[in-house]
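Colleague: Below is one structure. I have some questions about it.
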Amino acid sequence: MADERPVRRSSKVKVAEFLAAVGQGNVFTKLQLFEGVPGVAQADRRMRDLRELGWKIDNYKTDPRLQPDEYRLTEIGTRIDLGEQPKEATRPRISASRRREALERAGFACQTCGMRAGEPYPDEDQRAVLSVHLIDATPPVDTELPNLRVECQRCHAGNRGSGAGLATPQDVLTRASRLGSREEKRRLYRLMQSGRPDRDEVDLIFGEWLRLGRDDRVEVMLKLAGALIEED
């Protein structure tokens, strides 16, 4: 006689099933999460565990558009609720020591807008929280310092959700060439070398340069250096 006992599902599988029903790109609350998986005492922790399987879930710290009790399912990962097995090649981890190096190199400031860790935003009652991200996540992924960028939660959310295309190498170089003085070009070049932005027109160009791929950044920097030599 066949064993008709129900298959016991893990807490993580139940949470994955709930999130899949919410749908990619949609917002849900912590209360809805706990009500959606009754009997799972630490549903929020099991949800965080899913990030290792490619599930991307934002909260108010990573996306300032969310309320403190809200989450957004940004990307659905491995569907363990449907029996999918985790892929062998998981998203590379940036070690704690490497994250610290990246933060120190950036002067504990966002490399896009210049906000420092814990600094209050001037237009709202919220402080900047910094995180370290990969510039180029194309396999084989490089987690060395040149491929890491430090951003505050507002800039990181804006880069993912604005829908605007990233600047091309030529866009960055054209804007750099149009700077009004030699001193501005020298300052931009120093910023490219140091990786620490300020907050004026030069810095906006520098922020776009930071978003280029590694080879493109080198190319633009060398061409700017060549332009400076020609102006001597």
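Colleague: Being in a loop (DSSP other than H, G, I, E, B), of a type in the set (S, T, N, Q) and either closer than 15 Å to Ala157 by Cα or touching a strand residue (DSSP E or B) at 6+ places or on another chain (Cβ under 6 Å) (or both), is that true of even one residue in the stretch 50-64?
Modeller: Checked against the condition, which is being in a loop (DSSP other than H, G, I, E, B), of a type in the set (S, T, N, Q) and either closer than 15 Å to Ala157 by Cα or touching a strand residue (DSSP E or B) at 6+ places or on another chain (Cβ under 6 Å) (or both), the stretch 50-64 yields at least one hit.
Colleague: Within the stretch 22-62, can you find the residues that are hydrophobic (A, V, I, L, M, F, W, C), in contact with a Leu (Cβ under 6 Å, 6 or more places away or on another chain) and open to solvent by 30 Å² or more (accessible area, probe 1.4 Å)?
Modeller: Val22, the sole residue that qualifies.
Colleague: Then there's this: Under 7 Å between Cβ atoms, which residue pairs at least 6 apart in sequence (or on different chains) link something in the stretch 38-58 that is at positive phi with a partner that is in a loop (DSSP other than H, G, I, E, B)?
Modeller: Partner pairs satisfying both residue conditions: Gly54/Gly77; Gly54/Thr78; Gly54/Arg91.
Here is a yes/no grid of residues against (1) surrounded by fewer than 12 Cβ atoms within 10 Å (Cβ to Cβ); (2) among the β-branched types (Val, Ile, Thr); (3) part of a loop (DSSP other than H, G, I, E, B); (4) modelled with pLDDT of 85 or more:
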| residue | (1), (2), (3), (4) |
| --- | --- |
| Val150 | no, yes, no, yes |
| His156 | no, no, no, no |
| Asn159 | no, no, no, no |
| Gly163 | yes, no, yes, no |
| Leu173 | no, no, no, yes |
| Lys185 | no, no, no, yes |
| Val202 | no, yes, no, no |
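Colleague: Out of the stretch 101-142, which residues are of a type in the set (S, T, N, Q), open to solvent by less than 40 Å² (accessible area, probe 1.4 Å) and more than 17 Å from Tyr60 (Cα to Cα)?
Modeller: Result: Gln111, Thr112.
Colleague: Moving on to the next point. Which is within 30 Å of Gly118 (Cβ to Cβ), under 21 Å from the mean Cα position of the chain (by Cα) and crowded, with 18+ Cβ neighbours inside 10 Å, of Arg72, Arg65, Arg98?
Modeller: On the way: Arg65 fails: crowded, with 18+ Cβ neighbours inside 10 Å; Arg98 fails: crowded, with 18+ Cβ neighbours inside 10 Å.
Sole residue among the options that is within 30 Å of Gly118 (Cβ to Cβ), under 21 Å from the mean Cα position of the chain (by Cα) and crowded, with 18+ Cβ neighbours inside 10 Å: Arg72.
Colleague: Tally up the residues in the stretch 211-232 that are within 16 Å of Gln170 (Cβ to Cβ) and either modelled with pLDDT under 70 or not in a helix (DSSP H, G or I) (or both), please.
Modeller: Filtering the stretch 211-232 for residues within 16 Å of Gln170 (Cβ to Cβ) gives 211-213, 215-224, 226-227.
Of the ones still in play, those that are also either modelled with pLDDT under 70 or not in a helix (DSSP H, G or I) (or both) are 211-213.
Number satisfying all stated conditions: 3.
Colleague: Return a yes/no flag: does the stretch 77-88 have any residue that is modelled with pLDDT of 80 or more, open to solvent by 40 Å² or more (accessible area, probe 1.4 Å) and under 19 Å from the mean Cα position of the chain (by Cα).
Modeller: no
The values are calculated or read from the model by the stated rules, or taken from the named source; none is laboratory data. Predicted model, so just to flag it, every value in this text is computed and none were measured. For neighbour counting, all protein chains shown are included, and Cβ atoms are generated from backbone atoms with ideal geometry for every residue, glycine included. Note: areas computed on protein heavy atoms with side chains; ligands, DNA, RNA excluded. Shrake-Rupley method; radii C 1.70, N 1.55, O 1.52, S 1.80 Å.
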